[in-house]
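Report on the structure given below.
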Amino acid sequence: MSEDENVFTNCDWCGKDIFYGNACVSINRNIEQMDITEEYPDGEVTVIQSDTLLELCAECGNKFDTEIVANILLAIKPK
Ligand SMILES: [Zn+2]
């Protein structure tokens, strides 16, 4: 873990420092609510709760295969 105050966090896969201002990939579990209002007739999302499951540097994040992960999540669906 770095003591550098410019470090936002560390990559959960490779451990590399992720600095403020750098792109990163976050995998989150969000509880969201969609509402339609006069101001937002196409819908407005309110994030009620957000838990970060994984934070990856751009290099690792670009290797992240969302299709494989989606298939894994579908496979572990509770009965
Ligand atoms: Zn990484």
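Within the range 1-49, the set of residues being hydrophobic (A, V, I, L, M, F, W, C) and within 19 Å of Cys60 (Cβ to Cβ) comprises Met1, Val7, Phe8, Cys11, Trp13, Cys14, Ile18, Phe19, Ala23, Cys24, Val25, Ile27. Evaluate the following for Glu32: is it of a type in the set (Asp, Glu) and surrounded by 11 or more Cβ atoms within 10 Å (Cβ to Cβ)? In short, no. Residue check: Phe8 meets all listed conditions (1) assigned to a strand (DSSP E or B); (2) modelled with pLDDT of 95 or more; (3) among the hydrophobic types (A, V, I, L, M, F, W, C) but one, namely (2). The number of residues in the range 1-29 that are surrounded by 11 or more Cβ atoms within 10 Å (Cβ to Cβ) and aliphatic (A, V, I, L, M) comes to 4. Has the range 57-66 got at least one residue that is under 13 Å from the mean Cα position of the chain (by Cα) and aliphatic (A, V, I, L, M)? Yes, the conditions are met somewhere in the range 57-66. Of the residues in the range 51-67, how many are near the ligand (Cβ under 8 Å from one of its atoms), surrounded by 15 or more Cβ atoms within 10 Å (Cβ to Cβ) and in contact (Cβ under 8 Å) with a residue 40 or more places away in the chain? Final tally of qualifying residues: 3. The set of residues from the range 33-57 being of a type in the set (A, V, I, L, M, F, W, C) and in a strand (DSSP E or B) comprises Met34, Val45, Val47, Ile48, Leu53, Leu54, Leu56, Cys57.
The values are calculated or read from the model by the stated rules, or taken from the named source; none is laboratory data. Predicted model, so just to flag it, every value in this text is computed and none were measured. Because the Cβ atoms are built from the backbone with ideal geometry, glycine has one as well, and the counts that use them run over all protein chains shown.
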